[in-house]
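The next block holds one structure in the form of structure tokens; read it before the comments.
The values are calculated or read from the model by the stated rules, or taken from the named source; none is laboratory data. Computed from a predicted model, the values in this text were never measured in an experiment. Methodologically, a virtual Cβ is constructed for each residue, glycine included, from the backbone with ideal geometry; neighbour enumeration extends over all protein chains shown.
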Amino acid sequence: MLILFIKLFLANLIGDFLLQPNSWVEKKRKEKEKSLYLYLHIAIHALSLLIVLQFNMYYWLGILIILSSHFIIDIAKIWLNGRYNERLLFFTDQFLHLAIIAFVVYIYVPYKINFEWIYSEKSLITITSIIFVTVVSSVIMKILISRWDLNNTKNQDLDNAGAYIGILERIFIFGFIVLKYWEGIGFLLAAKSVFRFGDLSKAKDRKLTEYVLIGTLLSFGLAIVSGVIYMHLLEMFK
């Protein structure tokens, strides 16, 4: 089952990423279903599938399902382009392709998806910890540091960039703790300090420096506490 999924997934990567130039994507957006490159794209997918499946025509039905669904999904994405967020369309497009691949694999190798693992102690602890260390921690930090007003500083940041950076750094710290790689936390703190140094030295604003320092320490602190509690709970349920 797994090897068949990997083969079909590899064919999708080859067709959608490796052998699809950006110029083809732009042509498809402009000319839609009239674009020659749309059909070349599907042809490349067909060839990729045949190669990874070693031209085994036992899988002809699966190949037909994947190619026809891929064509329909790509047409829908082309027409929806500009109406919806491009990132949303991209991930929806790839999710649908993966869902079709999983369905095709099921046709040839029936499998049962067991969702009971979600309710295991380890899964519940992991899900709870990830939600806390990402979304909940962001809310806590926002509430705690909202008392300091930085309206006087010039805002040259990307929208929500600080929130995303905070979420990513807490995920990294959480991962370092789970992997028992505490040195990684020091490396991350040093790397962040280097990138922040330029901004703080240019700003020459003590208030901004203190604000960034407080936010960083809060973010690291919440992530470390979450990771330690997570590891402690896993030990309890062993």
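If you check His97 against the conditions, is it more than 21 Å from the chain's Cα centre (by Cα), in contact (Cβ under 8 Å) with a residue 12 or more places away in the chain, in a helix (DSSP H, G or I) and surrounded by 16 or more Cβ atoms within 10 Å (Cβ to Cβ)?
Numbers: more than 21 Å from the chain's Cα centre (by Cα): no; in contact (Cβ under 8 Å) with a residue 12 or more places away in the chain: yes; in a helix (DSSP H, G or I): yes; surrounded by 16 or more Cβ atoms within 10 Å (Cβ to Cβ): yes.
So His97 fails the test.
Is at least one residue of the stretch 147-163 of a type in the set (Gly, Ala, Ser), at pLDDT below 85, in a helix (DSSP H, G or I) and surrounded by 12 or more Cβ atoms within 10 Å (Cβ to Cβ)?
Step one: filter the stretch 147-163 for residues of a type in the set (Gly, Ala, Ser), giving 161-163.
In the following step, the residues that additionally are at pLDDT below 85 were identified as 161-163.
Cutting the leftovers down to in a helix (DSSP H, G or I) gives us 161-163.
Now narrow it down to the ones that are surrounded by 12 or more Cβ atoms within 10 Å (Cβ to Cβ): 162-163.
Looking through the stretch 147-163, at least one residue is of a type in the set (Gly, Ala, Ser), at pLDDT below 85, in a helix (DSSP H, G or I) and surrounded by 12 or more Cβ atoms within 10 Å (Cβ to Cβ).
Across the stretch 58-72, what is the number of residues that are among the β-branched types (Val, Ile, Thr) and buried (at least 18 other Cβ atoms within 10 Å of the Cβ)? Working first, answer last.
Within the stretch 58-72, the first condition is being among the β-branched types (Val, Ile, Thr), and the residues that meet it are 63, 65-66, 72.
Pick out the ones that are also buried (at least 18 other Cβ atoms within 10 Å of the Cβ) and you get 63, 66.
Result for the stretch 58-72: 2.
Looking only at the stretch 194-218, filter to residues that are among the hydroxyl-bearing types (Ser, Thr, Tyr) and either modelled with pLDDT under 70 or not assigned by TED's automatic domain parsing to the domain that holds Lys142 (or both); which one of those is surrounded by the fewest Cβ atoms within 10 Å (Cβ to Cβ)?
Just the residues of the stretch 194-218 that are among the hydroxyl-bearing types (Ser, Thr, Tyr), to begin with: 201, 209, 211, 216.
Filter once more, so that each one left must be either modelled with pLDDT under 70 or not assigned by TED's automatic domain parsing to the domain that holds Lys142 (or both): 201, 209, 211.
Values: Ser201: 9, Thr209: 15, Tyr211: 17.
The extreme case among them is Ser201.
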First in the stretch 52-77 and modelled with pLDDT of 95 or more, second anywhere and not in a helix (DSSP H, G or I), Cβ under 8 Å, 6 or more apart: Tyr59/Leu53; Ile63/Leu53
Tally of residues being over 19 Å from Leu10 (Cβ atoms) and modelled with pLDDT of 95 or more across the stretch 93-120: 0
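Got a sec? Which of Lys77, Lys32 is in contact with a helix residue (DSSP H, G or I) (Cβ under 6 Å, 6 or more places away or on another chain) and on the phi > 0 side of the Ramachandran plot? Talk me through it step by step, then tell me what you get.
Values: Lys77 fails: on the phi > 0 side of the Ramachandran plot.
Step by step, each of Lys77, Lys32 is checked, and only Lys32 is in contact with a helix residue (DSSP H, G or I) (Cβ under 6 Å, 6 or more places away or on another chain) and on the phi > 0 side of the Ramachandran plot.
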Looking at Leu233, Leu222 in this structure, which one is more than 23 Å from the chain's Cα centre (by Cα), at pLDDT 70 or above and part of a helix (DSSP H, G or I)? Leu233
